[in-house]
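Step one of this worksheet: look at the structure below.
The values are calculated or read from the model by the stated rules, or taken from the named source; none is laboratory data. Note that the structure is a prediction, hence the values are computed from the model and not measured. No Cβ is skipped: glycine too gets one built from the backbone with ideal geometry, and neighbour counts run over all protein chains shown. Side chains are part of the model used for accessible areas, which takes the heavy atoms of the whole protein and leaves out ligands, DNA and RNA. Shrake-Rupley method; radii C 1.70, N 1.55, O 1.52, S 1.80 Å.
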Amino acid sequence: MEQSITTVIGTSPNLAETVQLLRERRPGYSLPQACYNSAEVFAADMEQIFYKEWLYVGLSCEIPQPGNFITLEVGNNPITIVRNKQGVQAFHNVCRHRGSRLCTSKKGKVAKLVCPYHQWTYELDGQLLYAGNEMGDQFDKADFPLKQVHTKTAGGYIFISLAENPPEIDGFLAELERYLEPYDLENAKVAVQSEIIEQANWKLVIENNRECYHCAGSHPELLNTLLEWDDTNDPRASDAFKAHVARKAAEWDADNIPHQHISFGLRNRMVRMPLAEGKVAMTIDGTPACQKLLGRVKERDLGSLRILHLPNSWNHGQGDHLITFQVIPVGPQQTKVITKWVVHKDAVEGVDYDVEKLRRVWDATNDQDRTLAEENQRGINSIAYEPGPYSPTYEFGVVNFINWYADTLVANALGQTLSVELPE
């Protein structure tokens, strides 16, 4: 029997007990109850996962000009992401004077970053420009720049890591750049977005996304266009489905549209799968959501480019629009889900696209998934709950996520490095 873990790297309460709980979990089963509702495990999740891993945080087209910024909070850490002369850069949204937040709105445009408390003023690259004359002759502005956050972009997606030494991600980002190239997301815009709060642990939100076992009973709008399988090696995949994939793959190859399934360990995966026969977009009837296609796309029927990035994002890229999903843990049993619908920057609302049609399917699906996750949480909180078995066929994606989560938290807490598999 393994000895108890006592040496861990972190300050979250009972971190050693969380590590031990995950090391003793039953493989192929859902997690112990505390992993879904405990404040101590939630603190460990934030410290060891969300403060150390790379997080998807937005799109570069949301900050198209120098001075444009967006903000978010990762746990107790307010972050601002700004475009400057060097490109896209994230900073801790914390003034170096007395710690006040600098940018207090979700987005905006500024010439300089000015603290609203005492007007300390920073250049867009984080350098302190002005602190008044009250700081004394010995004060050196160069000693007080904003604290930077590791930032990387690929294909129009922005990622940050709060870690001092973030894990390797460049291989995935290179492939993401290649898969997103046809969409030219630098020349796109967010047509509309939604934010919902689910009264459920963030892992339940991700688990629900990683399987379609529930789809037939819960998502009639989505299944008008979505084909359940995203891999021809899926044991449930029919011969008709495989033939459909082969036909579309030949068309995409002719237009140099990437589509092969590629994975980086259990954290990242990309694959393009066709939609149902005769459907070209995830709308209620499968007809186009936007008349103007993205980037260099010539044919509407690009199926759906499905992108997974753990711990906090999944995505669907189609010929005329792209949908991003961002998961932000708020508390042990509360999670924010942000959905963005992205179209060509020159598309005109009311002419090229109708917002209601654009968002109808995923508004319905998000609301249905919220109900499922919240009911899941209520049941897990019961004294009757105990971990149950996952289906190795219908829920293999959930098994992969849980394995990634448990292995990553344990490795991070013990100061280890997980090996990363090469793409398939």
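The table below lists the values:
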item	result
Asp352, Asp239, ranked by accessible area, largest first (probe 1.4 Å)	Asp239, Asp352
Accessible area of the chain divided out per residue, in Å², using a probe of 1.4 angstrom	44
Those trypsin sites (Lys or Arg not before Pro) in region 282-382 that DSSP places in a loop and that have at most 11 other beta carbons within 10 Å	Lys298
Spin-label pair Gln127/Gln334, simplified geometry with 7 Å Cα→Cβ offset, distance in nm	4.1
Nonlocal amide H pairs with Trp120, under 5 Å, H built at 1.01 Å	Cys115
Prolate/oblate/rounded label for region 55-161 (Cα gyration tensor, a/c 1.5)	prolate
Alpha-carbon Rg with Dmax, taken over region 239-285, Å	12.4, 36
Computed over the chain, Kirkwood Rh from alpha-carbon pairs, angstrom	22.9
For Arg101, net neighbour charge (Lys/Arg +1, Asp/Glu -1) across residues whose Cβ lies under 15 Å away	+4
Contour minus Cα-Cα distance for Val351 and Gln199 (0.36 nm per residue)	51.0 nm
Largest to smallest accessible area among Tyr117, Tyr36 [probe 1.4 Å]	Tyr117, Tyr36
Rounded accessible area of Leu226 (nearest 10 Å², 1.4 Å probe)	20
Length gained when the stretch Thr232-Asp170 is fully extended (0.36 nm per residue, less Cα-Cα span)	19.6 nm
Trypsin sites (Lys or Arg not before Pro) lying in DSSP loop within region 43-86, provided at most 14 other Cβ fall within 10 Å	Lys85
